[in-house]
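**Student:** Below you will find the structure I want to go over with you.
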Amino acid sequence: MPKLSELNPADWLPTPEDLKRMLTPCLLIDLDKVRSNTARILSIVDDDPERWRPHVKTTKTPEVWAELAALGLRNFKCATTREADLLGETLTHCGTQNGDILVAYPLVGPNLARLAEIANQRKDIKYSVLIEESAHLAEIPDHISFFVDVNPGMNRTGVPIEESDLILEIAAAAGERFRGFHFYDGHQHDMDLDARERAIHAGYDELIRLRARAIEAGLKVGELITSGTPALLHAARYEPLKELEGTLHRVSPGTVVFHDQRSEEENPELQLLPAATVLTRVVSHPAPGVITCDAGSKAVASEAGDPIAVILGHPEWTPMTPNEEHLPIRVTGDRPQRGSELLLVPRHICPTVNLAEEAALIEGGKLKQVVRVAARAHDLLVD
């Protein structure tokens, strides 16, 4: 698999006839490359769809979720009630049997009430939430189950794994609705891959000990959920997680479906292709050696730092700090003419997708259809 810097943008651009119709900036989703990426991830988990619970916060598009369902995937994670609703609708429409959606977010108040509404409407889907205190259990309707959220050191949500007595107390209080432990080790970004693997595996050893204690206490631990994109390969090849009788270990990366610049840098062994790119056009030549294109911070996420993207086919060019509608780029050699098309591979694809209301689906190098990024943003009211 070629590196990101070696890719030919001609293999990503739609036909000249399609380009003439496309306004910029435009989110392009290449279904052939989505299929290539998902096949690669399945190969990492021994071609067993049951071992992958992808997070749909990246893709946010039912047409892409249907691609995942067609591969036999039926277990998913999401973050928002809108994702939970539309994902459930998509799985039902696809005829997915025993669809299973974990809202991997600590829902409270009206957000929890909204999920209860969704679960009531979609009884063919099993919905679960994360919990981190026993007092929260009384607020959650009987038809929603639980994973105890274990904090592996990321310090974003969950009970610190060192507080194992409290974790087991919460799990026991959940009774038959307790399904397992959620252990998101998304803080492991060490660029020294050996050091990263040692740290990740040390965390899994703690998780395995926690599971053993839970079983000794008479609890059934049906599932361990770990591993976003940075930890995926380290988790998939850690044999102790495959040898847990009565407990299924699932990895949960979502970025991998589309891939991005940061994942390429942090995970060179993944061998994925950028399946979602931003089509932009050169609109100005403001200074020597500088061009400006029409994809600023309202089209490409900027929270992950500069550069916010790489230019496909021009790894030597350097995007500068974006403005809202402008992205200046330092270039070498001849500057492209105003109106020239460029393709950006975002540094962080997940919030980039959330910025787009619509996306152009590309298949076989041609525009297939324009679709809504239907699960972007958030619901506002509970009925």
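The values are calculated or read from the model by the stated rules, or taken from the named source; none is laboratory data. Remember, it's a predicted structure, so these values are computed and weren't measured experimentally. Glycine also receives a Cβ, built like all others from the backbone with ideal geometry; neighbour counts cover every protein chain displayed.
**Student:** Please verify whether the range 151-160 includes one or more residues that are more than 24 Å from Ile200 (Cα to Cα) and at pLDDT 95 or above.
**Tutor:** Within the range 151-160, none of the residues are more than 24 Å from Ile200 (Cα to Cα) and at pLDDT 95 or above.
**Student:** Of the residues that sit in the range 309-326 and are in contact with a Pro (Cβ under 6 Å, 6 or more places away or on another chain) and hydrophobic (A, V, I, L, M, F, W, C), which one is nearest to Pro274 (Cα to Cα)?
**Tutor:** Residue satisfying both the conditions and the ranking: Leu312.
**Student:** Also: May I ask you to list the residues in the range 348-367 that are in contact with a strand residue (DSSP E or B) (Cβ under 8 Å, 6 or more places away or on another chain) and within 16 Å of Val34 (Cα to Cα)?
**Tutor:** Matches in the range 348-367: Ile349, Val353, Ala359, Ala360, Leu361, Ile362, Glu363, Leu367.
**Student:** If you don't mind, another one. How many residues, within the range 90-104, are buried (at least 20 other Cβ atoms within 10 Å of the Cβ) and either at pLDDT below 95 or part of a helix (DSSP H, G or I) (or both)?
**Tutor:** Of the residues in the range 90-104, 2 are buried (at least 20 other Cβ atoms within 10 Å of the Cβ) and either at pLDDT below 95 or part of a helix (DSSP H, G or I) (or both).
**Student:** Now, a different point. Take the residues of the range 117-127 that are surrounded by fewer than 20 Cβ atoms within 10 Å (Cβ to Cβ) and over 22 Å from the mean Cα position of the chain (by Cα): which is farthest from His182 (Cα to Cα)?
**Tutor:** Top of the filtered list is Gln121.
**Student:** Quick check on Ala301: is it within 18 Å of the chain's Cα centre (by Cα) and farther than 22 Å from Asp32 by Cα?
**Tutor:** Yes.
**Student:** Any residue at all in the range 159-166 that's in the same structural domain as His55 (by TED's automatic domain parsing), assigned to a helix (DSSP H, G or I) and touching a residue at least 24 places away in the same chain (Cβ under 8 Å)?
**Tutor:** Taking the range 159-166 first, the residues in the same structural domain as His55 (by TED's automatic domain parsing) are 159-166.
Going one step further and asking which of them are assigned to a helix (DSSP H, G or I), we end up with 164-166.
Right, trim to touching a residue at least 24 places away in the same chain (Cβ under 8 Å) and you get 164.
The answer is yes; a qualifying residue exists.
**Student:** In the range 337-383, what residues are crowded, with 19+ Cβ neighbours inside 10 Å and under 20 Å from Leu4 (Cβ atoms)?
**Tutor:** The answer is Leu342, Leu343, Leu344, Val345, Pro346, Arg347, His348, Ile349, Cys350, Thr352, Val353, Ile362.
**Student:** Further, regarding this structure: Might you check whether a residue that is within 26 Å of the chain's Cα centre (by Cα), exposed (fewer than 13 other Cβ atoms within 10 Å of the Cβ) and assigned to a loop (DSSP other than H, G, I, E, B) occurs anywhere in the range 305-318?
**Tutor:** Yes, the conditions are met somewhere in the range 305-318.
**Student:** Within the range 182-197, can one find any residue that is small (Gly, Ala, Ser) and crowded, with 21+ Cβ neighbours inside 10 Å?
**Tutor:** no
**Student:** Then there is this: Output the residues belonging to the range 213-234 that are farther than 13 Å from His182 by Cβ and in contact with a Pro (Cβ under 9 Å, 6 or more places away or on another chain).
**Tutor:** Thr229, Pro230, Ala231, Leu232
**Student:** I've got another one for you. Kindly evaluate Asp192 against the criterion of being acidic (Asp, Glu), at pLDDT below 90 and either farther than 19 Å from Thr226 by Cβ or in contact with a Leu (Cβ under 9 Å, 6 or more places away or on another chain) (or both).
**Tutor:** yes
**Student:** Here's another thing I want to ask about it. Starting from the range 1-24, keep only residues that are in contact (Cβ under 8 Å) with a residue 60 or more places away in the chain and under 18 Å from Gly364 (Cα atoms), then list their pairs with residues that are of a type in the set (Val, Ile, Thr) and loosely packed, with under 10 Cβ neighbours inside 10 Å whose Cβ atoms are within a distance under 9 Å, requiring at least 6 positions of separation or different chains.
**Tutor:** Within 9 Å, no pair qualifies.
**Student:** Okay, moving on. Condition first: closer than 24 Å to Val257 by Cα, assigned to a loop (DSSP other than H, G, I, E, B) and out of contact with any Ser or Thr (no Cβ under 8 Å at 6 or more places or on another chain). Can you find one or more residues in the range 321-344 that meet it?
**Tutor:** no
**Student:** Quick check on this structure: which one of Gly228, Gly254, Gly186 is modelled with pLDDT of 95 or more and either in the same structural domain as Ala172 (by TED's automatic domain parsing) or of a type outside the set (A, V, I, L, M) (or both)?
**Tutor:** After applying the criteria, what remains is Gly254.
**Student:** For Arg281, are the conditions met, namely being under 25 Å from Asn8 (Cβ atoms), among the basic types (Lys, Arg), under 18 Å from the mean Cα position of the chain (by Cα) and at pLDDT 95 or above? First the steps, then the outcome.
**Tutor:** Numbers: under 25 Å from Asn8 (Cβ atoms): yes; among the basic types (Lys, Arg): yes; under 18 Å from the mean Cα position of the chain (by Cα): no; at pLDDT 95 or above: yes.
Judged against the criteria, Arg281 is not a match.
**Student:** So is Leu87 touching a residue at least 40 places away in the same chain (Cβ under 8 Å) and outside any loop (DSSP other than H, G, I, E, B) or not?
**Tutor:** When the stated conditions are applied, Leu87 passes them.
**Student:** Further question on the same structure: Tell me the residue from Thr90, Thr61, Thr96, Thr80 that is touching a strand residue (DSSP E or B) at 6+ places or on another chain (Cβ under 7 Å), over 24 Å from Val221 (Cα atoms) and not hydrophobic (A, V, I, L, M, F, W, C), please. Walk me through how you get there before you give the answer.
**Tutor:** Numbers: Thr90 fails: touching a strand residue (DSSP E or B) at 6+ places or on another chain (Cβ under 7 Å); Thr96 fails: touching a strand residue (DSSP E or B) at 6+ places or on another chain (Cβ under 7 Å); Thr80 fails: touching a strand residue (DSSP E or B) at 6+ places or on another chain (Cβ under 7 Å).
None of the other options fit; the residue is Thr61.
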